[in-house]
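Novice: One structure is given below, represented as structure tokens, and several questions about it will come after.
Nothing in this text is a laboratory measurement; each read-out follows from the coordinates by a stated rule. The structure displayed is predicted, hence computed values, not measured ones. Because the Cβ atoms are built from the backbone with ideal geometry, glycine has one as well, and the counts that use them run over all protein chains shown.
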Amino acid sequence: MKIRSLSEAFSRSKSSVRRIFVASVVSAVAISSAFAEDSTSQVLSFALQSYGTHRYVGVRTVEFRRDGTDKKRIEYVTVDGRRSRTEFPPDSDEAGQIVVETADERREFFPKQNIIRISGGRENELTRMAEFIRRMGDRVRVKETGARVVVGRRGREVSMTDPDGNVRQRLVVDDATGLVLKRELFDSVGTVVARFEFTRLDFRDRIDPRLFRLARKGAKVVRPIDDLRTIIAGTPFVLTEFPVEARFKLEFSRILNPPEGKVLLQLYKGDEGRVSLFQTLAEVAPGQLRRFGREEVKTLSWRDKDRYFALVGNVPSATLERLKRLIVITP
């Protein structure tokens, strides 16, 4: 699990905020439908509906496993609604780094390289969790496992288990505000592979909006399209992108190495959902590419000269057809 996905605050225009609010309410209803009138649905629904309403300054401990090694770091977090700023202790490996996030954009400043890396904003993870619960149905069980105290605040713990009773995720939701105070993810044998927990939390009436601006004269700005150009340099892949009118923004790109041969993956995000664009030099069945996506259900594939392309996404088929017509290929 990437640490960047733990951020909990985002910001949008009024119309975008309305969309997020509607999505949160829909997800809350989905939980309630799946778990009837039990207290668990109430706990998660409260967390969803409270998302983006908090204003606080806190300290968070983050732990995770990477390449078989346990990692731990401290984050200083400032949140105002859907905006967040994350900083790190001066004696840490991340000293000097600053991360500012909104729903539309994420900016990271790396002082040693004097680089500001810009990427897509992070969506509400609780909404994604609710949708996952709804889709899985009986394959995931959610239950409240008791009252807990985290950072001096009373909350309720909710666990998600598989049909055999193995805990896969556990979180503590603050009784008063709905803020997630602690979250743990487990692997198939019960080992904690990622977790965060607040160790200090101070709710505020006002936070200086200047804290959520990140710019530096002389710093090199790196965007997702720059990363794409870098990773395809010296490879047989061609540059492919969508124009502004497509209303899908590139989030990241990477080259995959499945048995079928190298695959260029570009992940895009738009108001309708996420779409993955695949490029290969040999024909690959769309069903084989689907396993690399995130919750994708529809595919559209075609050949252009000596290359093969496929769009895989959790969006309507008409949207995939529209994106195919708009795609720009630069040899």
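Novice: Give the lysines reachable from Lys220 as a straight Cα distance under 21 Å; neighbours fewer than 8 places away on the same chain don't count.
Specialist: Cross-link targets: Lys112, Lys249.
Novice: In addition: Which whole-number percentage describes the relative contact order of region 224-330, with Cα contacts under 8 Å and a sequence gap of 6 or more?
Specialist: Details: 201 pairs, mean separation 25.8, N = 107.
It comes to 24 percent, rounded to a whole number.
Novice: What order do you get for Ser188, Ser276 when you list them from fewest to most C-beta neighbours inside 10 Å?
Specialist: Details: Ser188 9, Ser276 21.
By the 10 Å Cβ count, ascending: Ser188, Ser276.
Novice: Ok, one more. Please rank Leu267, Leu239, fewest neighbouring Cβ atoms within 10 Å first, as an exposure proxy. Kindly include the intermediate steps, with their values, before the conclusion.
Specialist: Working: Leu267 21, Leu239 15.
Fewest to most other Cβ atoms nearby, the residues stand as Leu239, Leu267.
Novice: Using the Cα centre of region 224-330 as origin and beta-carbon charges of +1 (Lys, Arg) and -1 (Asp, Glu), tell me which of Ile329, Ser317, Leu250 is placed farthest towards the positive end of the dipole.
Specialist: The residue sitting most towards the positive pole is Ser317.
Novice: Just from the alpha-carbon atoms, what are the Rg and Dmax of region 224-330 in angstroms?
Specialist: In Å, with Rg to one decimal and Dmax whole: 12.5, 36.
Novice: Could you calculate the contour length gain from Leu281 to Ala147, that is, 0.36 nm times the residue separation minus the distance between their Cα atoms, to one decimal place in nm? Numbers along the way, then the final one.
Specialist: Values: separation 134, 0.36 × 134 = 48.24 nm, distance 5.50 nm.
Gain on stretching Leu281 to Ala147: 42.7 nm.
Novice: Continuing with this model, one more query. Would you list which lysines come within 18 Å of Lys305, measuring only between C-alpha atoms, while excluding same-chain residues fewer than 8 positions from it?
Specialist: Answer for Lys305, where 18 Å is the Cα cut-off: Lys262, Lys324, listed by chain and number.
Novice: Rank the residues Arg154, Arg85, Arg168 as a footprinting-exposure proxy: fewest other Cβ atoms within 10 Å of their Cβ go first. Before the final figure, lay out the partial values.
Specialist: On the way: Arg154 13, Arg85 22, Arg168 16.
Placing the least packed residue first, the sequence is Arg154, Arg168, Arg85.
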